[in-house]
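Notes follow the structure.
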Amino acid sequence: MTVIRGATTIAEDTPEEIRAAVKELLEQIESRNALKRDEVVSIVFSSTSDIHSFYPAKAAREAGFESCSLFSAQEPDIDGGLRLCIRAMLFIEKNDTPHHVYLHGARALRKDVAQKFNVAIDGPAGSGKSTIARMLARDYHILYLDTGAMYRACALAALRAGVDIADEKQVCDLMRGVSLNVVYRDGEQHTMLGGEDVSDLIRTPEVSMAASAISKHISVRMKMVEKQREIAGKMSCVLDGRDIGTFVLPDADFKFFLTATPEVRAKRRADEMTAKGYTVDFEALKREIAERDRQDSTREIAPLKQADDAVLIDTSEMSVEEVLRTIKSKMQEKI
Ligand code: DC
């Protein structure tokens, strides 16, 4: 008799998510262990106490595990434990070495089985990177690092100090005295300049343009890149930016490059800003995005560019859910 372990996480407690997650987990266990259904004697499931809407055992029955015995139990609520997690233990009628399978956020449970991984999402402004990166990180229970926010914070510091952003020496002197950090509260990134949380202040059009201009200076870039590599080296995370797949993490486990037409990107930015209460001049916003595209893709160091091994996704006609589904299935294919 062999025992195979597996675990996965879901994004929300719905019967559809549970059915899909259990099916995916069992299929992965089957394929990685070259299992036949009639070799499975029984499966014991346990799930965290935030899962109420469906029995994982029932999902397994529906997924075609018809003849083995099935059982579901609920785990105690442990402080700091993984959320929305389903674990499975399969008892198998053969004596091979088991290959345990840990998917999505549950990869964090068994670092020995599931390695740390990084996801690079690059693309121009308004291509949907940050929305997708945030959702992906949430679903996989890993960190989201918004690298644009770091350049934005540098730009804000320069604008406040009144230095000439085009002058690398002035910018560099200023940056030496600036402490820039990213911290996480309730899973959300907060960008700190000194002790001040500037997360909202860095979202204005003025800061966007200045961030694009300041990011071309090598001294600024290397300082930011060093911090980004340090964070990504320690833990699994999704990073979004312009140069993650090409320069910051050329060996990232998964790489995506998102694009969309300039019209769609400007419309997304306009909607975002209107929702935040800003008055938007759509034509001016379109010009700003075009100018940033030009600046970001023509700079000398680490320009905005698709890595050769990145998956290109044109999000112009896709919903957020479709983009997320496409990315997850591409990642699954590679695992
Ligand atoms: O992603 P964003 O719009 O917040 O980024 C603001 C600017 O920062 C962008 O126009 C160029 C720069 N940037 C960069 O050069 N490299 C990154 N990895 C992220 C952003």
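The values are calculated or read from the model by the stated rules, or taken from the named source; none is laboratory data. Note that this is a predicted model, so its numbers are computed, not measured. Cβ coordinates were reconstructed from backbone atoms using ideal geometry, including for glycine residues, and neighbour counts include every protein chain displayed. When the accessible area is computed, the model is the full protein with side chains, heavy atoms only, and any ligands, DNA or RNA have been set aside. Shrake-Rupley method; radii C 1.70, N 1.55, O 1.52, S 1.80 Å.
Brief remarks follow.
- By the equivalent-ellipsoid construction on the alpha carbon gyration tensor, the stretch 88-218 comes out with semi-axes of 42, 14, 13 Å, ordered largest to smallest.
- Summed over the residues of the stretch 77-169 and divided among them, the accessible surface reaches 41 Å² per residue at a probe radius of 1.4 Å.
- Each eigenvalue of the Cα gyration tensor of the stretch 196-335, multiplied by 5 and square-rooted, gives one semi-axis; in descending order these are 25, 21, 15 Å.
- Carbon/sulfur fraction of accessible area - the stretch 183-335, other protein chains in place, 1.4 Å, %: 53
- Taking the convex hull of the alpha carbon positions in the stretch 16-77 and averaging its projected area over all directions gives 4.2 nm².
- Taking Gly245, Gly126, Gly162 in turn, the Gaussian network model of the chain (Cα-Cα springs below 10 Å) assigns the largest fluctuation to Gly162.
- All alpha carbon pair distances within the chain were sorted into 10 Å bins beginning at 0; the resulting P(r) in whole percents reads 5, 23, 28, 20, 13, 7, 2, 0.
- Checking every one of the GluC sites (Glu not before Pro) in the stretch 285-329 against DSSP loop status and a limit of 15 other Cβ atoms within 10 Å picks out Glu300, Glu317.
- Accessible surface computed residue by residue for the stretch 176-296, with neighbouring protein chains in place and a 1.4 Å probe, gives 49 Å² per residue.
- When the helices of the chain are scored as -39500 (n - 2.57) per DSSP H run of n ≥ 4 and the total is divided over every residue, the value at 222 nm lands at -13000 deg cm²/dmol.
- Per residue, the convex hull spanned by the Cα atoms of the stretch 262-331 amounts to 117 cubic angstrom.
- Heavy-atom accessible area order for Ser31, Ser46, largest first, 1.4 Å probe: Ser31, Ser46
- Set the Cα radius of gyration of the stretch 112-185 against 2.2 N^0.38 Å, with N its number of residues, and you get 1.44.
- Relative to the longest principal axis of the Cα atoms of the chain, the long axis of helix 262-275 lies at roughly 90 degrees.
- DSSP beta bridge pairing in the chain, given as percent antiparallel to the nearest 5: 50
- The apolar share of the surface of the stretch 4-108, taken as the fraction of accessible area on carbon and sulfur atoms (1.4 Å probe, ligands and nucleic acids excluded), comes to 50 percent.
- Listed residues Arg61, Arg292, Arg152, most fluctuating in the chain (Gaussian network, C-alpha, under 10 Å): Arg61
- Relative frequency of Cα-Cα separations exceeding 22 Å in the stretch 23-123, percent: 36
- The phi torsions of the stretch 29-39, fed into the Karplus equation with coefficients 6.51, -1.76 and 1.60 and a -60° offset, translate into couplings of 4, 4, 5, 6, 10, 6, 8, 9, 4, 6, 8 Hz, rounded to whole numbers, with Gly and Pro shown as x.
- Degrees between helix 320-334 axis and first principal axis of the chain (Cα, 0 to 90, nearest 10): 60
- Cleavage-rule hits (GluC sites (Glu not before Pro)) in the stretch 63-168: DSSP loop, at most 16 neighbouring Cβ within 10 angstrom: Glu66, Glu93
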